[in-house]
1. Using alpha carbon centroids, what distance separates region 125-152 and region 95-115, in Å?
2. With every protein chain left in place and a probe of 1.4 Å, what is the accessible surface of Asp11, to the nearest 10 Å²?
3. How are the Cα pair distances of the chain distributed, in percent, across 5 Å bins from 0?
4. Where nothing but the Cβ of Lys and Arg (+1) and of Asp and Glu (-1) is charged, how large is the charge dipole of region 81-239 around its Cα centre, in debye to the nearest 20?
5. Within region 4-144, what whole-number % of the accessible surface is contributed by carbon and sulfur, with the 1.4 Å probe and all protein chains included in the calculation?
6. Using only protein heavy atoms and a 1.4 Å probe, report how much of Glu68 is accessible, in Å² to the nearest 10.
7. Using a 1.4 angstrom probe, figure out how much accessible area the chain has per residue, in square angstrom, rounded to the nearest whole.
8. As an exercise, use a Förster radius of 35 Å and the Cβ-Cβ distance of Arg244 and Gln57 to find the FRET efficiency, rounded to the nearest 0.05.
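The values are calculated or read from the model by the stated rules, or taken from the named source; none is laboratory data. Worth saying up front: this structure is predicted, and the values here are computed from it rather than measured. Every residue, glycine among them, receives a Cβ derived from its backbone with ideal geometry; neighbour counts consider all protein chains shown. What goes into the accessible areas is simple: the full protein's heavy atoms, side chains included, and nothing from ligands, DNA or RNA. Shrake-Rupley method; radii C 1.70, N 1.55, O 1.52, S 1.80 Å.
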Amino acid sequence: MADVTGILWTDHTHNEWWGCSAPAGAGCDNCYAAALDHRFGGSHFGIGTRPRLTKTQNRNKPYRWNREAEATGVRQKVFCGSMMDFFDKNAPESAREALWAKIKATPFLDWQILTKRPGNILRMLPPGWGDGYPNVWLGVTVENRRNGLRRLEQLRTIPAKVRFLSIEPLLEDLGAIDLTGIHWVIVGGESGPGYRQMEQAWAENVITQCREQGVNVFFKQWGGTASDAGGCLLNGVEIKEWPRAV
């Protein structure tokens, strides 16, 4: 959707459709996407709603990004999606199939697909997926133990070039985490009105375990309501690592 994004771990955001048909855990309680939708008079988030396709002009942007990446020789990362869940069972008809075709047709883009619905992934993968498309990173949100650690276990069983965790918003101490099969971890606090405070010890626990288990980690932000979402230094250090598999 966006040529320029404020999300520090990607280059672009892309939303083939707009909306999400139901909350999927505690991480959805302060959903920024739903708030933005309502601000513009929409009703595409929540039980009983239906996501809608975005405009054709928006849906075609990845082809331009792919041409630019091919011309420069520098791969570009695309977060899919900030206003949708790729594996929502109520996606607009044929939209997911069209998006898979687009992903396959843009080999110079690395598609970062993040979901809170990993239980749907296997039955929604495209024909020819095999061990994973070479330009797709699959990730799940891990906001707490109850919802997030279950998603982690499901993700681990799915073939993919890169598997990643978005531990954002981090809402509690996750305790011991088995990161077997995970290539990358993003950590961050919640931002925006009504944000829930992340404690430093929770973030440090995740980062320590990433170090111990050889998984690269990206500390995104502390969270809060400030324009910089509380900054991104942990003990005075910026931590911005990328998956080694890439």
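1. Answer, in whole Å: 14.
2. Counting only protein heavy atoms, Asp11 exposes about 60 Å² to solvent.
3. Going from the shortest bin to the longest, the percentages are 1, 6, 14, 19, 20, 18, 13, 7, 2, 0.
4. Charge dipole of region 81-239: 600 debye, to the nearest 20.
5. Details: 3440 of 6350 Å².
The computed percentage sits at 54.
6. That residue has around 70 Å² of solvent-accessible surface.
7. I get 45 Å² per residue for the chain.
8. 0.45
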